[in-house]
Amino acid sequence: GFDVVIGNPPYVSVEKFSGTEQQDLWKKTYSTYAARGDIYCFFYERGTQLLKPNGHLCYITSNKWMRTGYGDKLRAFLSSTVDTTSVLDFGMAQNFGAATTYTSILSFENRMSTNLTHACYAADDKAAMADPKSYFQENAVHMPELGESSWVVVTPERHRIKKAVEEQGVPLEKWDLNINY
């Protein structure tokens, strides 16, 4: 096992392999498999298998897994199987010139979750790219609530407002009404 795994896995849709033996193999091998997913999701799981206990993994990948349906299994994996320590979400920023990618940087340790995840939304992507460590330390918020549902990473001010609304309000799903459109 490795002490550290660092990478930028490829962004390739699983759908491109529809009906192939490769897709069948992924489906059998990875708990993070989703038919409409992306193969970078498998890299998180495989990276964990390559780590020693308490080893560290850090990847920069697309941030789509944070909010899409195909990311459910990866979010569940990252919130329960390993100890996700940090997430830096660049939102809609284009950090790599001509490449149209929306990225995040995620780090975890190969051990059970401690629910001490800190997350940061890069509201100033240029400052975040120039000095990610300092930017993260100044703008990260503790987000123990991250689980299988969408990961919504926001600035510290918006996080404070979100928490206040959640504590005082009634979620729409608990209202007694039927919304058709």
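See the values below:
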item: GluC sites (Glu not before Pro) lying in DSSP loop within region 91-181, provided at most 16 other Cβ fall within 10 Å; result: Glu145, Glu148
item: Residues of region 94-181: accessible area per residue with a 1.4 Å probe, Å²; result: 70
item: Sulfur and carbon atoms: percent of accessible area, region 17-120 [1.4 Å]; result: 56
item: Region 1-155: relative contact order as a whole-number percent, Cα under 8 Å and 6+ apart; result: 22
item: Relative contact order (%) - criterion: Cα under 8 Å, at least six apart; region: region 29-96; result: 33
item: Karplus 3J(HN,Hα) series, Hz, for region 78-90 with 6.51 cos²θ - 1.76 cosθ + 1.60 (x for Gly, Pro); result: 5, 9, 10, 8, 10, 9, 5, 9, 8, 9, 10, 9, 8
item: With all protein chains modelled, accessible area of Met112 [1.4 Å, Å²]; result: 130
item: Mean projection area, nm², convex hull over Cα of region 49-160; result: 7.2
item: Charge context of Thr155, other residues only, Cβ under 14 angstrom, K/R +1, D/E -1; result: -1
item: Solvent exposure ordering (accessible area, 1.4 Å, most first) of Cys58, Cys41; result: Cys58, Cys41
item: Neighbourhood charge, 14 Å Cβ-Cβ cut-off, centred on Leu50 and excluding it, Lys, Arg +1 and Asp, Glu -1; result: -1
item: Antiparallel %, DSSP beta bridges [both residues in the chain], to 5; result: 65
item: Solvent-accessible ranking of Thr84, Thr155, largest area first, probe 1.4 Å; result: Thr155, Thr84
item: Global form of region 102-181, assessed from the alpha-carbon gyration tensor, a/c cut-off 1.5; result: prolate
item: Thr68 accessible area, 1.4 Å probe, all protein chains in place, Å² to nearest 10; result: 40
item: For Lys52, solvent-accessible area (1.4 Å; no DNA, RNA or ligand), Å²; result: 90
item: Candidate residues Lys64, Lys174, Lys28: accessible-area rank, largest first, probe 1.4 Å; result: Lys28, Lys174, Lys64
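The values are calculated or read from the model by the stated rules, or taken from the named source; none is laboratory data. This one's a predicted model, so the numbers in the text were calculated from it and none came from an experiment. Here the Cβ is made from the backbone with ideal geometry for all residues, glycine too, and neighbour counts use every protein chain on show. What goes into the accessible areas is simple: the full protein's heavy atoms, side chains included, and nothing from ligands, DNA or RNA. Shrake-Rupley method; radii C 1.70, N 1.55, O 1.52, S 1.80 Å.
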